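K.L.:
This structure is in structure tokens; I'll ask about it shortly.
The values are calculated or read from the model by the stated rules, or taken from the named source; none is laboratory data. Since the model is a prediction, treat every value here as computed from it, not as a measurement. Using ideal geometry, Cβ is built from the backbone for each residue, glycine included, and neighbour counts are taken over all protein chains shown. Quick note on the areas: whole protein, heavy atoms, side chains included, nothing else; ligands and nucleic acids left out. Shrake-Rupley method; radii C 1.70, N 1.55, O 1.52, S 1.80 Å.
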Amino acid sequence: NYKHIFLLSAHNTFIRVYFWRFERVEKRESVWNVQSSMPHFEKLNGSIKTDVLIIGGGMAGVLCAYFLQKAGVDYVLVEGKKICCGVTQNTTAKISAAHGLIYNELLHQAGQERAKRYLEANLKAVQSFGELCRGIDCDYKEVTSYVYSLDNRKKLEDEADALRHLGWDAAILETPKLPMQTMGAVCMEHQAQFHPLKFAAKIAHGLTIYEDTFVKEFKDHTAVTESGNITYRKVIFATHFPIDNKHGLYFLKMYQHRSYVIALENAEDVEGIYIDENRKGMSFRNYKDLLFLGGGSHRTGKKGCCWQELKEAAHQYYPEASIKYAWAAQDCMTLDHIPYIGVYGKHMPDGFVATGFNKWGMTSSMIAAHILTDQILEKENSYGEIFAPSRSIWKLQLAVNGLEAVFNLLTPSKPRCPHLGCALKWNPAERTWDCPCHGSRFDKEGRLLDNPANGDLKKSS
């Protein structure tokens, strides 16, 4: 049941041979997927009408359905596969407002008022999870969140100053529980972690959900599926990456990023949740007797170290540990590191979107559910303007995204992504076809794994 890997590394002119043994995982799965049982819902059978259609059954969609039902709104949620079977089951499930060293950046780029509201919105999301998790067996645990730096104390001091300026009493602490030397970490107390699928399974009971109901196209307030049409007044796109290309320019305003996780047995408890301020660094958190190491991130469709980087770190820092689980996550990244939540586009006033969570899907899903519920009810939400998708797009990342799309559109190789026609790249670590433009992914047989593509590869591709 084991595979053996030899790792070679050059260090000070010597060649070192590492012998690494880990449990073989033929089909990599997250710990959440293995240790949970989700409720199942029927497939749509026939055409229906609803006031609000929610497309996408991840954490954001399920939370939107939950709050709309509490508000007495007539809604339907449809999921093309099974609820929470995509991005949600691959999260590390950190419930935290400490999103890297973002507050100093926001303070200077967006101003004090917007930075403060972003902080408040995320702290409110953390609080909302705490309230909902009471009485739910979902391994909810209040923890301290740390953003550490390996080599730059000044960055930490600037972030702590920014947080104090925004009204949060931030402190820089040492990190004795981490296995490597750091320059310290900005800490934020009273954050949390949990089991996302146990939580979602509980709140999904009693909601109006149809699974295995894939939306193929839209026709004048009607969503077309293979088993019936859904006529709606308003629609929420909670599909991770928005699937309607005609509005909103999301294919330019976002790109997708892959990151990797291994869960170690026989490793130390780090007593908190940790992320490196360097976006290419590692994250740490415990779940019961397991330690999660996250990292190896790269733009989807580009080359990356994937799990290899994490395995080498595990060997170095936890030589007695063994790998129990391994999985990967995919995240939508926005131009300014703030999610897009609100009206889908200028010419689509009855459409709403929740996307671009920038690797912080838990708090962002909760924020989205609160904002979109208020907007559906035509109520004022004090945080809506900060997350509005209509905000300025004139950022350097926009040019990077555009150039990446042009380059891959002009690349003559096959297969091509059915989303907008970009050349797909083979990912040997995961044995998938990945799109460098917008992040769609397909298995080796051409079956769709991740959107925005809205269907499988054609045989001719």
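K.L.:
List the pairs whose first member sits in the stretch 145-172 and is in a loop (DSSP other than H, G, I, E, B), whose second member is of a type in the set (Phe, Trp, Tyr), and whose Cβ atoms are under 7 Å apart, counting only residues at least 6 apart or on separate chains?
P.N.:
From residues that are in a loop (DSSP other than H, G, I, E, B), the pairs are 166/103.
K.L.:
For the stretch 142-161, does any single residue satisfy the condition of being over 25 Å from residue 317 (Cα atoms) and open to solvent by less than 10 Å² (accessible area, probe 1.4 Å)?
P.N.:
yes
K.L.:
Tell me which residues, restricted to the stretch 394-406, are of a type in the set (A, V, I, L, M, F, W, C), part of a loop (DSSP other than H, G, I, E, B) and either buried (at least 21 other Cβ atoms within 10 Å of the Cβ) or in contact (Cβ under 8 Å) with a residue 24 or more places away in the chain (or both). Can you show your working first?
P.N.:
Of the residues in the stretch 394-406, the ones of a type in the set (A, V, I, L, M, F, W, C) are 394, 396, 398-400, 403, 405-406.
Within this subset, residues satisfying the condition of being part of a loop (DSSP other than H, G, I, E, B) are 394.
Across the stretch 394-406, there are no qualifying residues.
K.L.:
A further question on this structure: Look at the stretch 416-445 and say how many of its residues are in contact with a Ser or Thr (Cβ under 8 Å, 6 or more places away or on another chain), within 25 Å of residue 308 (Cβ to Cβ), open to solvent by 20 Å² or more (accessible area, probe 1.4 Å) and in contact (Cβ under 8 Å) with a residue 40 or more places away in the chain.
P.N.:
Matching residues across the stretch 416-445 total 0.
K.L.:
Search the stretch 358-379 for residues being in contact (Cβ under 8 Å) with a residue 60 or more places away in the chain and not in a helix (DSSP H, G or I), and hand back the single one that is farthest from residue 123 (Cα to Cα).
P.N.:
Checking each candidate, the answer is 377.
K.L.:
Out of the residues in the stretch 185-214 that are out of contact with any Lys or Arg (no Cβ under 6 Å at 6 or more places or on another chain) and assigned to a loop (DSSP other than H, G, I, E, B), state the one that is nearest to residue 33 (Cα to Cα).
P.N.:
Result: 195.
K.L.:
Does the stretch 235-254 include one or more residues that are aromatic (Phe, Trp, Tyr), in contact with a helix residue (DSSP H, G or I) (Cβ under 8 Å, 6 or more places away or on another chain) and within 30 Å of residue 322 (Cβ to Cβ)?
P.N.:
no
K.L.:
Moving on to the next point. Please enumerate the residues belonging to the stretch 276-317 that are free of Cβ contacts under 8 Å to residues at least 40 places away in the same chain, under 21 Å from residue 101 (Cβ atoms) and assigned to a strand (DSSP E or B).
P.N.:
Of everything in the stretch 276-317, those that are free of Cβ contacts under 8 Å to residues at least 40 places away in the same chain, under 21 Å from residue 101 (Cβ atoms) and assigned to a strand (DSSP E or B) turn out to be 293, 295, 296.
K.L.:
Out of the residues in the stretch 60-98 meeting the condition of being open to solvent by less than 10 Å² (accessible area, probe 1.4 Å), assigned to a loop (DSSP other than H, G, I, E, B) and of a type outside the set (Ser, Thr, Tyr), tell me which one is farthest from residue 126 (Cα to Cα).
P.N.:
In this case the residue turns out to be 83.
Every residue, every condition in (1) hydroxyl-bearing (Ser, Thr, Tyr); (2) at pLDDT 95 or above; (3) open to solvent by less than 50 Å² (accessible area, probe 1.4 Å); (4) not in a loop (DSSP other than H, G, I, E, B), yes or no:
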position: 381; (1), (2), (3), (4): no, yes, yes, no
position: 385; (1), (2), (3), (4): no, yes, no, yes
position: 389; (1), (2), (3), (4): no, yes, yes, no
position: 408; (1), (2), (3), (4): no, no, yes, yes
position: 413; (1), (2), (3), (4): yes, no, yes, no
